[in-house]
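In what follows, a single structure is set out as C-alpha cells and then discussed.
The values are calculated or read from the model by the stated rules, or taken from the named source; none is laboratory data. Here the structure is a predicted model, which means the values were calculated and not measured. Cβ atoms come from the backbone with ideal geometry, glycine included; neighbour counts cover every protein chain shown.
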Amino acid sequence: MVNAPARLLAEFIGTFTLMVLSIGAILSGSDITGIALAYGIAVFISISAFAHISGGMFNPAVTIAMWVTKRMKSIDALAFIVTQLIAGVFAAVVLKIGYGTYAQNIGTPTLAQPIKPVYGLLVEFIATFILMMVIMGVVIDKRGSYATVAGLPVGLAVTAGVLFAGPLTGGAMNPARWFGSAIASGSYANFWIWIVGPLAGAIAAAFLYDAVMKPAKK
C-alpha cells in the first residue's frame, strides 16, 4: 500500500469521529433528528478532511464494495477494514468510559418492536444502497458536478438514512458502527442484520452503478 501510515491513520480518525459523534449524540439523549445530524455532519467533516488521503471510506461495507468492483487491492481492503473496526471499538470504549453509567448499551443498533429481523435486514439494505449510490455518484465517478464537495451529499445521504432507518434498526449503514458498540456493550442480538444488510446494499449499488452509469476506473 502506497503511503500506508497516512491512509490508515486517516481511516482510523475518520471512523473514530463518526462513531464518537453519532453514538455520543445517542448517549446525550438527542432525538432522532439530532442523531441523524450528528452522524451526517461527522461523515461530512471526515470526508472533507481525509478523502484526498485515503478515499474517505470509514465503512467496511464501502471498502468491500470498492474491493469487489476491483478498485482496491485485497491487502489494502483488508488493512482498511481492520483499521475501521478497531477505530469503532476504540471510540465505543472511550465513550463507555466517558459516559459511565449513562452509557447503557453504548448506542448498539437494535430492532424496534415489532420489526422482524428480515424487515430490519431490508431496511439496512435500502439505506446503505442509497448511501452507496450517492458515494458512487459524487466520490467515485469524477464526472459528477459534486466531486469536489463530495462530503456534503454523502453526509446528507447518511442523515436521511438515519431519519428513515433510525427508528427501525438504528440506521447504522456501517458494520463498524455496529461492531464497535456491540463489542463495548457485549450486545450481539441479530448481529447479522448490521453486517449482511450494509454489505449487500453497498455491493449491489456499486455493481449497478458500474453496469448502468459506466464510470471510468483508474
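Of all residues in the range 15-34, count the ones that are in contact with a Leu (Cβ under 9 Å, 6 or more places away or on another chain) and outside any loop (DSSP other than H, G, I, E, B). Residues meeting the conditions: 9. Of all the listed residues (G100, G14, G40, G56), the sole one being over 13 Å from the mean Cα position of the chain (by Cα) and small (G, A, S) is G100.
One residue alone among A51, A77 is under 16 Å from the mean Cα position of the chain (by Cα), over 24 Å from A25 (Cβ atoms) and not hydroxyl-bearing (S, T, Y), and that residue is A77.
Conditions (1) under 18 Å from F12 (Cα atoms); (2) in contact with a helix residue (DSSP H, G or I) (Cβ under 9 Å, 6 or more places away or on another chain); (3) among the hydrophobic types (A, V, I, L, M, F, W, C), marked per residue:
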residue	(1), (2), (3)
I86	yes, yes, yes
A112	no, yes, yes
S181	yes, yes, no
S185	no, yes, no
N190	no, yes, no
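Of everything listed in (1) in contact with a Ser or Thr (Cβ under 7 Å, 6 or more places away or on another chain); (2) in a helix (DSSP H, G or I), the single unmet condition for I64 is (1). Return the residues of the range 45-90 that are surrounded by 18 or more Cβ atoms within 10 Å (Cβ to Cβ) and without any contact (Cβ under 8 Å) to a residue 24 or more places away in the chain; say none if nothing qualifies. Within the range 45-90, T63, W67, M72, A77, I81 qualify. Note on the range 138-191: residues that are touching a Pro at 6+ places or on another chain (Cβ under 7 Å), of a type in the set (V, I, T) and modelled with pLDDT of 95 or more total 1. Restricting to the range 9-39, and then to whatever is among the hydroxyl-bearing types (S, T, Y) and within 14 Å of K96 (Cα to Cα), can you tell me which residue is surrounded by the fewest Cβ atoms within 10 Å (Cβ to Cβ)? Per the criteria, the residue is S28.
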